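Presented below is the structure to which this report refers.
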Amino acid sequence: MGVPLGEWDEPLHVVPAVHTADDKLDAAGTYVLMKSAGSMAKVKDMLRSSKRQACCVEDCGMPTEKIYRDTDEIPDDAGYFCLIVAKEKGKDN
């Protein structure tokens, strides 16, 4: 995706597929959301609420790889092998 995960002292948060209704992406830094496909509609709502710039890769390294550069581009039925990078706006975007 060509997006740095973190620079200098910027925090990096790697979050597994366990997402609940009260999850918020409110800590400083970059979030990496892994295996989010099972709850993608909820994850997209979280991303929109956080006002973060998100990009997503589906099937990374496979012939079916797809890259989405915005939250609204990510399909609700994205595949299992899906990784989202969510950065604070104004940080490399």
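If the viscosity is 0.890 mPa s and the temperature 25 °C, what Stokes-Einstein diffusion coefficient in µm²/s follows for the chain when Rh is the Kirkwood radius over Cα pairs?
Details: Rh = 13.2 Å.
Answer, rounded: 186 µm²/s.
Pulled fully out, how much extra length does the chain show between residue 67 and residue 49, if you take 0.36 nm times their separation in residues and subtract their Cα-Cα distance? List each step's numbers first, then the result.
Details: separation 18, 0.36 × 18 = 6.48 nm, distance 2.16 nm.
Gain in length upon complete extension: 4.3 nm.
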Discussion item. Just to verify a number: what accessible area does residue 55 come out at with the full protein assembly present, 1.4 Å probe, Å² rounded to tens?
Written reply: 10 Å²
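With 18 Å as the limit, write out which pairs from 24/44; 42/66; 44/87; 24/87; 35/89 have Cα-Cα distances beyond it, or answer none.
The pairs that break the limit, which is 18 Å between Cα atoms, are 42/66; 35/89.
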Fill in: In the stretch 1-83, the GluC sites (Glu not before Pro) that fall in loop regions by DSSP, at most 13 other Cβ within 10 Å
7, 65
Discussion item. Within 10 Å of each candidate Cβ there may be at most 15 other Cβ atoms; applying that plus a DSSP loop requirement, which chymotrypsin sites (Phe, Trp or Tyr not before Pro) in the stretch 20-93 survive?
Written reply: 80
Practice prompt. Could you give the size of the charge dipole of the chain about its Cα centre, using +1 on the Cβ of each K and R and -1 on the Cβ of each D and E, expressed in debye and rounded to the nearest 20?
Written response: 140 debye
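The values are calculated or read from the model by the stated rules, or taken from the named source; none is laboratory data. Nothing here was measured: the structure is a model prediction, and the numbers come from that model. Positions of Cβ are backbone-derived with ideal geometry, glycine not excepted, and every protein chain shown enters the neighbour counts. Heavy atoms of the whole protein, side chains included, go into the accessibility calculation; ligands, DNA and RNA do not. Shrake-Rupley method; radii C 1.70, N 1.55, O 1.52, S 1.80 Å.
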